[in-house]
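Remarks on the structure that follows.
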């Protein structure tokens, strides 16, 4: 009887330690595994560097699209975040890519990449594509919804992924961006409250997250309470954006 009981205990222990029942590998420090479902999410008045000025770079804000939450700066060298808002007024969006020189995640394990969808014909409704400035302000809010909904899949051949940031359109660079920065207030001459103001444009960024899922993201504002026509009186450092994320591994971004 004793031998039979001992044999049963040994068989039970062996089954409990089988490969299929081995404990899962722990998440990276800080990751809780509470990932979002495929869907559309809107983040409103996300507090970034609310003391930022036009005189220098803001304190960076790290964000996980897969968990829809802010990630502490102490986890910069992990794969827990997908994008970071940094630079002037937190206006540049950098993917978490450890191979990108200049990225806040440089040297880390990050594999995220980013692109911006630019349709010149669509842009001509609100933007001077030769002088790189809005034709009028505020920009029709309906155009933002139209642009967001029009991105239905990932088109890497037309809009290749990059590891650098997507920021202010042709500001101190030759790169397309998601917003216009009126540094000198040229859109409103004589109005001192309209210089150093950032205006969002209806352009969509497509992101491949660190874990390999695809998302589309549209910036709505960097000022508190999402003003349509901001001035220097509006408080920067409060980011509002909308994004849709596909969690099934496909490139389908036609998400409702």
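Read-outs: derived from the displayed coordinates by stated rules, not from any lab. Since the model is a prediction, treat every value here as computed from it, not as a measurement. With ideal geometry, Cβ positions are generated from the backbone for all residues, glycine too; neighbour counts draw on all protein chains shown.
Summed over the stretch 102-117, the residues that are in a loop (DSSP other than H, G, I, E, B) and crowded, with 16+ Cβ neighbours inside 10 Å give a count of 7.
Filtering the stretch 37-75 to residues that are surrounded by 17 or more Cβ atoms within 10 Å (Cβ to Cβ), in a loop (DSSP other than H, G, I, E, B) and more than 15 Å from the chain's Cα centre (by Cα) leaves 49, 52. Of the residues in the stretch 87-101, at least one is touching a residue at least 24 places away in the same chain (Cβ under 8 Å), touching a strand residue (DSSP E or B) at 6+ places or on another chain (Cβ under 6 Å), within 19 Å of residue 218 (Cα to Cα) and assigned to a helix (DSSP H, G or I). A Cβ distance below 7 Å, combined with a sequence gap of six or more or placement on separate chains, defines the contacts here; from the stretch 132-157, residues that are touching a residue at least 24 places away in the same chain (Cβ under 8 Å) and on the phi > 0 side of the Ramachandran plot reach residues that are part of a loop (DSSP other than H, G, I, E, B) and surrounded by 13 or more Cβ atoms within 10 Å (Cβ to Cβ) in the pairs 132/169; 132/170.
Of everything in the stretch 158-183 that's outside any strand (DSSP E or B) and in contact with a helix residue (DSSP H, G or I) (Cβ under 9 Å, 6 or more places away or on another chain), which residue is surrounded by the most Cβ atoms within 10 Å (Cβ to Cβ)?
From the stretch 158-183, those outside any strand (DSSP E or B) are 158-161, 163-165, 167, 169-178, 183; that's our starting set.
Adding the requirement that they be in contact with a helix residue (DSSP H, G or I) (Cβ under 9 Å, 6 or more places away or on another chain) leaves 167, 171.
Details: 167: 24, 171: 19.
Step by step, filter the stretch 158-183, then rank; the result is 167.
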